[in-house]
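The values are calculated or read from the model by the stated rules, or taken from the named source; none is laboratory data. In this text the structure is predicted, and so the values were computed from the model without any measurement. When we count neighbours, we look across all protein chains shown, and the Cβ atoms used for this are built from the backbone with ideal geometry, even at glycine. Quick note on the areas: whole protein, heavy atoms, side chains included, nothing else; ligands and nucleic acids left out. Shrake-Rupley method; radii C 1.70, N 1.55, O 1.52, S 1.80 Å.
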Amino acid sequence: MLQTFLPLFMMTFFICLFIVMMQFLWKYVDELVGKGLGIGLVSELFFYAALSLVPLALPLAILLASLMTFGNLGEHVELTAIKSSGISLLTVMKPLAWLVTAIAIGLFFFQDYVVPQSQVKMWTLLFSMRQKSPTLDIPVGTMYSQIPGYNLYVKNKDEATNTLYGLLIYDVSSGGTSYPRIVTADSGSLSMTTDKQHLLLNLYSGNWYEEMRSGSGAGTLKGELYRRETFHDKEIVVPYDATFTRMDDDAMRQQYVGKNIKELQQTIDSVRVHIDSVGSVLSTELHSARVCGVPLWRPEMIDSDFVYVPVAAVTSAPPHKLDTLLASMSSPMRRSITNQALVTARSMRNECEFRGYVINDDNFVVRRHQIEMHKKFTLSLACLIFFLIGAPLGAIIRKGGLGTPIVVSVILYVIYYVIDNTGYKLARDGRWPVWEGVWLSSAVLLPLGVYLTHKAVNDSAVFNPDTYVNWFKRLIGSSRVRKLEVKDVIINDVDNATAITMVQALYTNAASFVAKHETPPTPARYFTAGDDSNDCETLSNEVDAVVEYLANSRDRMVLGKAMDYPVMRSTGMGCPVANRHAATALMIFLPVSIPLWLWGRYHHRLIMSDARKVITVSRQMLSILTGSYSRDKEYVEQ
């Protein structure tokens, strides 16, 4: 099993890693193209990105490899041979389970030691590339805006001499404080200074247009000023940093992506201490705040700790009411007191909102660090979960190669990604506890893996469409047709007297069944009487026994008539719930009981039709066995 699994695992791992690398490239390709980055820098970025994306590619690779491994075994009937020799599916899965467990443990330590360092290098390099200026590749016939503060239009360009023709330049480097300067030139050239810090623009036969705002102080000219300059040749120096400067790694190491579990836990504890200190300070200020100049609490030293004790209520003799006091004041004084109270309340509200924003930011930092810490465990567990899904699923599907396994793997991984991303966002935004959001995908897929393993061990037909078709036919009451053929070798011949006795007994029992259950069940009888299903089951077994015995007949007419026996429906007549108390409660609940009762009446009618057909076919079979069969009589009966 290991020799079969390991080559497939290595192949699928590099395929999955290539897929996630392409996703990374498509996401950040706009920030890398057109900046003149060397192949060494791009290769270094891809190397660190590949290390960071290993935890995402590994579970998908295990899922695909396990599907292909057990799918190939099932497709080539090797899995059937293994089971027939007495080896269970769990025994076959055991060596791969130990291997996947070792891979999951290795992935955990890889995420704790290697991934933080690779992500620091990757993000530092990516942010440095973002800040690098693009290379100067002036297009023809369109506006070029990659030079900061300048928009450049070129009508034509000579690639051999690097000469630009029909230039139109909009200089907006001064911002929105003045009008843009417009420069036109018949031709020109663009070059870089030796220190790669400035652009040198040489222009020939052009004009300089500039509209300036006049000053407003004393001695200045009134109105708008306009400047126009005609030049034969002109040089313009533009600040432009074309060098690549790598950022320092220390800033990214302080982020959650650059920390291992120990550092993440330390950061979480320190931020929580800060949150508690802010809450303690706010609580102290609220306790010490005065109401109408009177303190409500006073601090006391109890057991070496300050404890706030409520101050006794201040009373006045005679007691005064606030409305009475305000009414006795003048209007300006009342307005002054009201404004002072509003200013105090608004100031306190703004201060509390500001501190609330600080606490919310700190809580967000705590959640991001907790998510990163939990992901180190969930991604490792995902390897085991995907193996529990892929191995039994491959044994059930029994399709190897890259076709069906890839389709199934992609569907399952998309489901996993959607669930995991949903839980991540709910945890990040604080709508759910962090552990619930991060572990949501594992909680959903782990029962699926256990279920598929149970079905595969028991050889259940999970993906057999005939199973679900037959179940649906039984649900809607669809009838099935019997198929009998003349056997080439018959060990036990049909005895005519025994056949007549069995058919006669079947005829009598079917007639008794119809007479007993002719009347459709009432709701009370349907939900409380459960013996009818037993009678139906007995009659169905008797019909099958008669058909099985007559199937050994050499008479084609007997075989043809035996195929006319219906396949009895064994459900629909009895109580839908075995427990009598639960059935009574279900009968009282009308929105559910009425559809169930109508469904039962429908199946009762179908079962009665089958029973009557058993009577008719039995009568005709007796005629055939006794030699008094008439085709005309059969048409009359039908």
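Any residue that is touching a residue at least 60 places away in the same chain (Cβ under 8 Å) and out of contact with any helix residue (DSSP H, G or I) (no Cβ under 8 Å at 6 or more places or on another chain) - is there at least one of those in region 31-46? For region 31-46, residues touching a residue at least 60 places away in the same chain (Cβ under 8 Å) and out of contact with any helix residue (DSSP H, G or I) (no Cβ under 8 Å at 6 or more places or on another chain): present. The single residue among V42, V29, V33, V54 that is open to solvent by 20 Å² or more (accessible area, probe 1.4 Å), within 30 Å of L89 (Cβ to Cβ) and among the aliphatic types (A, V, I, L, M) turns out to be V54.
Condition check for C352 on (1) open to solvent by 70 Å² or more (accessible area, probe 1.4 Å); (2) farther than 30 Å from G449 by Cα: one failure, at (1). Would you check which residues across region 365-391 are closer than 25 Å to H274 by Cα and polar (S, T, N, Q) and list them? Once the filter is applied, which keeps residues that are closer than 25 Å to H274 by Cα and polar (S, T, N, Q), region 365-391 yields only Q370.
So in region 1-36, with the set limited to residues that are more than 19 Å from L73 (Cβ to Cβ) and among the β-branched types (V, I, T), which one is farthest from the chain's Cα centre (by Cα)? Only one residue tops the list, namely V33. L99 - would you say it is aliphatic (A, V, I, L, M), open to solvent by less than 60 Å² (accessible area, probe 1.4 Å) and at pLDDT 90 or above? Considered against the rule, which asks whether it is aliphatic (A, V, I, L, M), open to solvent by less than 60 Å² (accessible area, probe 1.4 Å) and at pLDDT 90 or above, L99 comes out as yes. Within the bounds of region 17-35, is there any residue that is over 29 Å from V407 (Cβ atoms) and of a type in the set (K, R)? There is at least one residue in region 17-35 that is over 29 Å from V407 (Cβ atoms) and of a type in the set (K, R). If you go through region 345-376 and keep only what is of a type in the set (D, E, K, R) and closer than 16 Å to S283 by Cα, you end up with R349, E351, E353, R355.
Against the condition touching a residue at least 40 places away in the same chain (Cβ under 8 Å) and at negative phi, how does F354 come out, does it pass?
No; evaluated as a whole, the condition is false for this residue.
Checked against the criterion of being out of contact with any helix residue (DSSP H, G or I) (no Cβ under 7 Å at 6 or more places or on another chain), modelled with pLDDT of 80 or more, open to solvent by 40 Å² or more (accessible area, probe 1.4 Å) and hydrophobic (A, V, I, L, M, F, W, C), the candidates L190, L225, L200, L167 yield just one match: L200. Scan region 129-153 for residues that are modelled with pLDDT of 80 or more and either small (G, A, S) or within 22 Å of L381 (Cα to Cα) (or both) and the total you get is 1. Checking region 292-308 against the condition returns a match, with at least one residue being basic (K, R) and at pLDDT below 80. Criterion applied to G74, G86 was being of a type in the set (G, A, S), out of contact with any strand residue (DSSP E or B) (no Cβ under 6 Å at 6 or more places or on another chain), farther than 26 Å from S380 by Cα and open to solvent by less than 40 Å² (accessible area, probe 1.4 Å), and the one residue passing it is G74. Are any of the residues in region 116-128 more than 31 Å from the chain's Cα centre (by Cα), of a type outside the set (F, W, Y) and surrounded by 14 or more Cβ atoms within 10 Å (Cβ to Cβ)? There is at least one residue in region 116-128 that is more than 31 Å from the chain's Cα centre (by Cα), of a type outside the set (F, W, Y) and surrounded by 14 or more Cβ atoms within 10 Å (Cβ to Cβ).
Somewhere in region 416-439, is a residue modelled with pLDDT of 90 or more, touching a His at 6+ places or on another chain (Cβ under 6 Å) and over 30 Å from P7 (Cβ atoms)? Yes - at least one qualifying residue is present in region 416-439. When region 397-414 is filtered for residues that are part of a helix (DSSP H, G or I), surrounded by fewer than 20 Cβ atoms within 10 Å (Cβ to Cβ) and aliphatic (A, V, I, L, M), the ones remaining, listed by number, are I397, I406, V407, V410, I411, V414. Only a single criterion out of (1) loosely packed, with under 12 Cβ neighbours inside 10 Å; (2) in a helix (DSSP H, G or I) is not satisfied by E372, namely (1). Check V92 against each of (1) part of a helix (DSSP H, G or I); (2) among the hydrophobic types (A, V, I, L, M, F, W, C); (3) over 19 Å from N458 (Cα atoms) and name the one condition it does not meet. Of everything listed in (1) part of a helix (DSSP H, G or I); (2) among the hydrophobic types (A, V, I, L, M, F, W, C); (3) over 19 Å from N458 (Cα atoms), V92 misses just condition (3). Inspect region 498-514 for any residue being modelled with pLDDT under 85 and surrounded by 13 or more Cβ atoms within 10 Å (Cβ to Cβ) and give the result as yes or no. No - not one qualifying residue is present in region 498-514.
Say whether the condition of being open to solvent by less than 70 Å² (accessible area, probe 1.4 Å), assigned to a loop (DSSP other than H, G, I, E, B), modelled with pLDDT of 70 or more and at negative phi is met by at least one residue in region 253-271. Looking through region 253-271, at least one residue is open to solvent by less than 70 Å² (accessible area, probe 1.4 Å), assigned to a loop (DSSP other than H, G, I, E, B), modelled with pLDDT of 70 or more and at negative phi. Residues in region 419-443 that are closer than 19 Å to L384 by Cα and not aromatic (F, W, Y) were compared, and the one that is surrounded by the fewest Cβ atoms within 10 Å (Cβ to Cβ) is A443.
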